[in-house]
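The structure under discussion appears below in the form of structure tokens.
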Amino acid sequence: MPALVPELVNMASDPAVSTADLLRRALVVARRLAVPDLVEWLSQEMNGYEDRESIPEYRTMWGQLQVLEPVTGAHIPFLIQNAEKDELVRCHREGQPISVLESIAVGEGEIVKFFPTTIEQKLMDSMRVRMRPRLVFSGAQVRGIVDGARNKILEWALDLEGRGIVGEGMSFTPQEKQAVQAQHYHISNVSGSQIQIGSSGSTQTQANTTGTDIDALKGLIQALGAVLEPVQGEVADQLRAELAALKAMAESPKPKWEIIKATAHSIKTVAEGAAGNILASLAQPHIATLWTLAAV
């Protein structure tokens, strides 16, 4: 019978293994090691998040705001110029169980979410012509959430394996349990959320907010805008909407890096899921900036 941790590494690395099955196996490992933070996170991933505030950042999706045009019956993009209002409207934290998200991610179509009645009415009241709003997400964005959970399990399992904690015979020795419980594992709901591994007093490095980052961000926005200019279609429209939000944050006197990183991650996910390589013509420095910002 294989040891628990190497088996978990193999499962996390095998695309044929569903993420729902991977979560169940990871829960067995976390319970037998008595790591309550990870048990709680894995249980919420399996069963869904009841508290919005506990949803990790990698489950944040930025939708394209659309409205129903009454004459043609077509849905068209709708932009909110105010960056803070745009953030409130387009930012969606997805709390459904991973098994539900896996089934959604299989499809290639768009995912549509409508607003609660009170928010919908406020949005319609702000329009010169009242049109029903909705948020549209791509299947690639949902797949990004599933991959985010899967990658965290793999990182954790590799850390255990690297320290010689393997779980031979489907159980762990007292020494293995003691070594793990001396570490701090935490899934935070802040930007760059990750399994944080270290001593109980460890801290998580926050995003760099120097002027160099802003300059690189503005360069990326300009270059990506030029790349998207001749491109048509729903994916291009969604990327342009994301880019508008990114530009608003870059021009803010107090840019919110958690929003910038989440938006960059959404751009990367949507672009990678599109047919063809939309980002192929971006210069390497801009690609590096996007990849750095989009890191989960």
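List of remarks:
- Neighbour count of at most 16 Cβ within 10 Å plus DSSP loop: longest GluC sites (Glu not before Pro)-free window in the chain: 109-250
- Distant-in-sequence amide contacts of SER252, defined by a placed amide H-H separation under 5 Å and a gap of 5 or more residues or a different chain, comprise nothing.
- Take the Cα of ALA283, step 7 Å toward its Cβ, do the same at SER43, and the gap between the two points is 5.2 nm.
- Kirkwood-Stokes translational diffusion coefficient of the chain, alpha-carbon pairs, 4 °C, 1.567 mPa s, µm²/s: 62 µm²/s
- Euclidean distance of C-alpha centroids, segment 152-168 and segment 218-273, integer Å: 36 Å
- Taking amide hydrogens as placed 1.01 Å from N in the peptide plane, the amide H of ILE111 sits under 5 Å from those of PHE137, SER138, GLY139, each at least 5 positions away in sequence or on another chain.
- For the options ALA12, ALA179, ALA26, a Gaussian network treatment of the chain with springs between C-alpha atoms closer than 10 Å singles out ALA179 as fluctuating the most.
- Restricting the trypsin sites (Lys or Arg not before Pro) of segment 110-169 to loop positions (DSSP other than H, G, I, E, B) with no more than 15 neighbouring Cβ atoms within 10 Å leaves ARG128, ARG130, ARG163.
- Kirkwood-type radius of segment 52-97, with distances r between different C-alpha atoms, in Å: 12.4 Å
- For the chain, the longest principal axis of the Cα atoms and the long axis of helix 139-162 meet at an angle of about 20 degrees.
- Contour excess over end-to-end distance, with Cα ends at VAL17 and GLN121 and 0.36 nm allotted per residue: 33.1 nm
- Computed on the Cα atoms alone, the convex hull of segment 1-152 gives a volume of 120 cubic angstrom per residue.
- Long-range HN-HN contacts of VAL166 with modeled amide H, under 5 Å: none
- Residue among GLN175, GLN96, GLN238 with the largest mean-square fluctuation in a Gaussian network model of the chain, springs linking Cα atoms under 10 Å: GLN175
- With R₀ set to 30 Å, the beta-carbon distance separating HIS92 from GLN181 gives a calculated FRET efficiency near 0.25.
- Taking 0.36 nm per residue of separation and subtracting the Cα-Cα distance, full extension of the segment from ASN82 to GLN232 would add 51.5 nm.
Each value in this text was obtained by applying a stated rule to the coordinates, not by laboratory testing. Quantities reported herein were computed from a predicted structural model and do not represent experimental measurements. Cβ coordinates were reconstructed from backbone atoms using ideal geometry, including for glycine residues, and neighbour counts include every protein chain displayed.
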